[in-house]
Amino acid sequence: MASLVQKISLMVLLLTGFVWLSEGEVCRECTKCPQYWMEIGEYCYQYFGNKMKFHDAENICNRIGGDLPSIRNEEEGNTIYQLWKGLVNNPTKMDYAYWIGLRDTHQEKKFEWTDGTPLQYNNWKHGEPNNWENEDCVEIRNAGNNDYERQRWNDRGCNHDRAFFCRKPLN
């Protein structure tokens, strides 16, 4: 038969768990992002590790109310990279790559963000963009010796399969 001390300890544990779960429910109601999205700054992000071609990734994002992310400055690029780095199993593996919403599919060398954001910042890897084998879409390639180098952009053929983020403004 359980002692009074054991019963009281169990009650405290159950009440603590109930309070913790209740607080979790309250917090879930406070977030401005849909379930399974991550709130970072003024945006909600969802990561898709299942690799897709650029246009398929873009269509998925559009169907769920978002876009492939545009990167307006170094801070935003670093935020997306750090988020990606925290979600993958081997973030220093060379050539892991993910799509960003930049492309020059309408006119060669005229890169545009898929969400219509003006292109005012870039972070091209040395020698890029080079349009080698008709590369019209842009990835973050994760190539280099440090986090700064691994955030550099590379133009890539749109039919390559890459992981991707969808992003949308906070509700």
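Name the one entry in ASP161, ASP56, ASP136, ASP104 that is more than 14 Å from the chain's Cα centre (by Cα) and within 22 Å of PRO34 (Cβ to Cβ). Within the list ASP161, ASP56, ASP136, ASP104, the selection yields ASP56.
Scanning the range 44-59 for residues that are assigned to a strand (DSSP E or B) and open to solvent by less than 20 Å² (accessible area, probe 1.4 Å) yields CYS44, TYR45. In the range 66-81, what count of residues is obtained for those that are assigned to a helix (DSSP H, G or I), touching a residue at least 24 places away in the same chain (Cβ under 8 Å) and loosely packed, with under 15 Cβ neighbours inside 10 Å? Number satisfying all stated conditions: 1. Checked against the criteria, GLN46 counts as out of contact with any Ser or Thr (no Cβ under 8 Å at 6 or more places or on another chain), in contact (Cβ under 8 Å) with a residue 40 or more places away in the chain and closer than 12 Å to PHE165 by Cβ.
Within the range 109-130, track down each residue that is open to solvent by less than 80 Å² (accessible area, probe 1.4 Å) and either farther than 22 Å from MET52 by Cβ or of a type in the set (D, E, K, R) (or both).
The answer is GLU112, ASP115, LEU119, TYR121, ASN123, TRP124, LYS125, GLY127, GLU128, ASN130.
Of all the criteria given as (1) in contact (Cβ under 8 Å) with a residue 60 or more places away in the chain; (2) assigned to a loop (DSSP other than H, G, I, E, B), the one not satisfied by LYS85 is (2).
Screening ASN62 with (1) touching a strand residue (DSSP E or B) at 6+ places or on another chain (Cβ under 9 Å); (2) more than 18 Å from CYS137 (Cβ to Cβ); (3) of a type outside the set (Asp, Glu); (4) surrounded by fewer than 17 Cβ atoms within 10 Å (Cβ to Cβ) gives one miss only, at (2). Return the total of residues in the range 140-167 being assigned to a strand (DSSP E or B), under 15 Å from GLN82 (Cα atoms) and acidic (Asp, Glu). Summing the residues that are assigned to a strand (DSSP E or B), under 15 Å from GLN82 (Cα atoms) and acidic (Asp, Glu) in the range 140-167 gives 0.
Results for (1) in contact (Cβ under 8 Å) with a residue 24 or more places away in the chain; (2) closer than 18 Å to GLU75 by Cα; (3) in contact with a strand residue (DSSP E or B) (Cβ under 9 Å, 6 or more places away or on another chain); (4) of a type outside the set (S, T, N, Q), shown as yes or no for each residue.
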| site | (1), (2), (3), (4) |
| --- | --- |
| PRO129 | yes, no, yes, yes |
| GLU135 | no, no, yes, yes |
| GLU139 | yes, yes, yes, yes |
| ALA143 | yes, no, yes, yes |
| ASP147 | yes, yes, no, yes |
| GLY157 | yes, no, yes, yes |
| HIS160 | yes, no, yes, yes |
| ALA163 | yes, no, yes, yes |
| ARG167 | yes, yes, yes, yes |
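Picking from residues in the range 82-105 that are at pLDDT below 95 and hydroxyl-bearing (Ser, Thr, Tyr), the one that is least open to solvent (accessible area, probe 1.4 Å) is THR105.
The values are calculated or read from the model by the stated rules, or taken from the named source; none is laboratory data. Keep in mind the model is a prediction, meaning the values are calculated, not measured. Positions of Cβ are backbone-derived with ideal geometry, glycine not excepted, and every protein chain shown enters the neighbour counts. The area values use the complete protein model at the heavy-atom level, side chains included, leaving out ligands, DNA and RNA. Shrake-Rupley method; radii C 1.70, N 1.55, O 1.52, S 1.80 Å.
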